[in-house]
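Worksheet: one structure, shown below.
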Ligand SMILES: [Zn+2]
C-alpha cells in the first residue's frame, strides 16, 4: 500500500469574498499535494469554509440576509476559487454541514467533557470579533485589538471553558521533541514562548441568543465557540464521527497550512483538544506570512484588496500561481504590486521559459532532428538543480524550488548562446535542450500544472505556441 499524505488549508471565514491572501495559501498547499502525488503517495487534500463566526452573522444581518444564506453565497465563491486557481483539493468541508461536521464536533465535545476538561464559569472579557477571540492585556492597545486595531467588545457571560492550561507542558514537550513540527523555526519559537508564559483556559461556548453555531451537547442555551467548531473540520471531513476507515487511514494530518494570525489556535488550542480527546496530533504546521499591497496591509477601507478572480482573468492561472509562489518568500510577508507582477511575468515567464521553449522548437523545426542520449554537461546541470528543488520543497521553500528550475532555464539559454545554436544547429545540443525542457516541464507540474502540460505537449509535437504572450505597456 502506498504512503498516505493528508494536507489541509485553513478554512476561511465566510464574512467576505476571497482575496489574494487565501489564494496564496491554497496554491502553496496545492504544490505540496501535487508534489506528493508525483512521488506516488496517496494524497488527500482538504479545504473548506468556516461559517459560524460572529462576523458572518453580523454582515448577513446588515445585508438583511439569514446567516446561512449569506454563508452559502460566500462559501460558493471560495469553492469557485479552488477551480479558478486549479487547486487539486479532494474535498471541501463547510462547518455548517449538518451531516458530516455537526456529529463530529459534538462527538469531540463529548470526548473533551469525558476527559474532565469542560467546565462552566461566569466570565467577563474583551472580545475581538475580527480574531473571534478574547484578548489579554498584552494583545490590546488603547482598548483595541493589536491585529485589527478595532475597539474590543466587553462580553460578560456564563460559558463552558476548556482546560487548555492542563496541556501546555505536554504540548511544549511535543513541539520541542519535533514530534509536532512547526515551520519555520521562528514560528516554533514564538509558540514555545507563548507556552512558557502559560495559557489560560479558554471559553468554548457562547450564549445562543447572540451567537450562531451548533448547540453544545446537553445544553440548548449554549452554542459552540467558533474555534471549537472550526478546528475539528480537519477530522470531521474524513469521518471522525463514525471512526470511518478513511479517518483511521488519514489521521493524523501530515501538514496543516495556515497563516500566521491563526498560529496559536493550530499549535496550541488544536493539539490540546486532540490530546484531551486522545487523538494523535498533526505531524506539522506550516505557517505562511501575509501579502501586502504596494507595501500596505490589504483592507477594504484602503480599497486595495486584490481580487484573485480578476487577476486570473487578466493574466491566466499559472501566471498568478507563479507570482505567488516565486515572488513571495513562503514563510515571510510578501508584497503584491502590478508593476512587480508584470515584471516577473515578462522576465521569467515570457522571456524565460516561454522564450526557451519557442527558441528550441524553432531551431529544431528547421532540420531533420532525432533525439539522442543527453550529454554529461546537461545531465550534471539538471542533477544539481533537481537536488535543490527537492530539498527546497521538503523545507516548504516554494520560491527556492522555483528558483532552481529557473537555474536550468538560465543554463539552457547560456548553452544556446555559447554554441551559437541558430547557426550550428548542432544535433546534440538540440537533443540536450529537449531533454532539459522535458525535465523542466516535469518539475513545473506541481507549480504550474497547465503550462507544464503544454510544454510537454509542444515537445512531443515539436510545435511551439506562445506560452506567455508578452505584456506590452
Ligand atoms: Zn483582532
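Structural remarks
- Qualifying residue in region 38-49 (condition: closer than 16 Å to residue 212 by Cα and at pLDDT 95 or above): yes
- Unmet requirement for residue 97, which otherwise passes all of (1) surrounded by 13 or more Cβ atoms within 10 Å (Cβ to Cβ); (2) without any contact (Cβ under 8 Å) to a residue 40 or more places away in the chain; (3) in a loop (DSSP other than H, G, I, E, B): (2)
- Complete set of residues in region 216-226 that are part of a strand (DSSP E or B) and touching a strand residue (DSSP E or B) at 6+ places or on another chain (Cβ under 8 Å): 216, 219, 221, 222, 223, 224
- Condition broken by residue 381, with the remaining ones in (1) over 27 Å from residue 290 (Cα atoms); (2) exposed (fewer than 14 other Cβ atoms within 10 Å of the Cβ); (3) touching a residue at least 12 places away in the same chain (Cβ under 8 Å) satisfied: (2)
- Only listed residue being modelled with pLDDT of 95 or more and closer than 22 Å to residue 67 by Cα, chosen from 277, 272, 253, 230: 230
- Test: residue in region 196-215 that is in a helix (DSSP H, G or I), within 25 Å of the chain's Cα centre (by Cα) and exposed (fewer than 14 other Cβ atoms within 10 Å of the Cβ): no
- When residues of region 369-414 are limited to those that are within 29 Å of the chain's Cα centre (by Cα) and not in a helix (DSSP H, G or I), the one nearest to residue 286 (Cα to Cα): 396
- Output for region 227-261, where each listed residue is assigned to a helix (DSSP H, G or I) and surrounded by fewer than 21 Cβ atoms within 10 Å (Cβ to Cβ): 241, 242, 245, 246, 247, 248, 249, 260, 261
- Only one of 130, 143 that is surrounded by fewer than 19 Cβ atoms within 10 Å (Cβ to Cβ) and at positive phi: 143
- Checked against the criterion of being within 30 Å of the chain's Cα centre (by Cα) and either exposed (fewer than 13 other Cβ atoms within 10 Å of the Cβ) or closer than 18 Å to residue 284 by Cα (or both), the candidates 121, 138 yield just one match: 138.
- In region 448-463, the qualifying residues are those that are touching a helix residue (DSSP H, G or I) at 6+ places or on another chain (Cβ under 6 Å) and either within 19 Å of residue 28 (Cα to Cα) or free of Cβ contacts under 8 Å to residues at least 40 places away in the same chain (or both), and the one that is surrounded by the fewest Cβ atoms within 10 Å (Cβ to Cβ) is 450.
- Contacts under 6 angstrom Cβ, first residue in region 128-148 being under 19 Å from residue 13 (Cα atoms), partner away from the ligand (no atom under 11 Å from the Cβ), 6 or more apart: 129/54; 132/53; 132/226; 134/125
- Residue-level analysis places residue 266 outside the set of residues that are assigned to a strand (DSSP E or B) and either at pLDDT 95 or above or over 17 Å from residue 5 (Cα atoms) (or both).
Residue by residue, here is whether (1) surrounded by fewer than 19 Cβ atoms within 10 Å (Cβ to Cβ); (2) at positive phi holds:
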| site | (1), (2) |
| --- | --- |
| 280 | yes, no |
| 288 | no, no |
| 294 | yes, yes |
| 304 | yes, no |
| 313 | yes, no |
| 332 | yes, no |
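The values are calculated or read from the model by the stated rules, or taken from the named source; none is laboratory data. Predicted model, so just to flag it, every value in this text is computed and none were measured. Every residue, glycine as well, gets a Cβ built from its backbone with ideal geometry; the counts of neighbours run over all protein chains shown.
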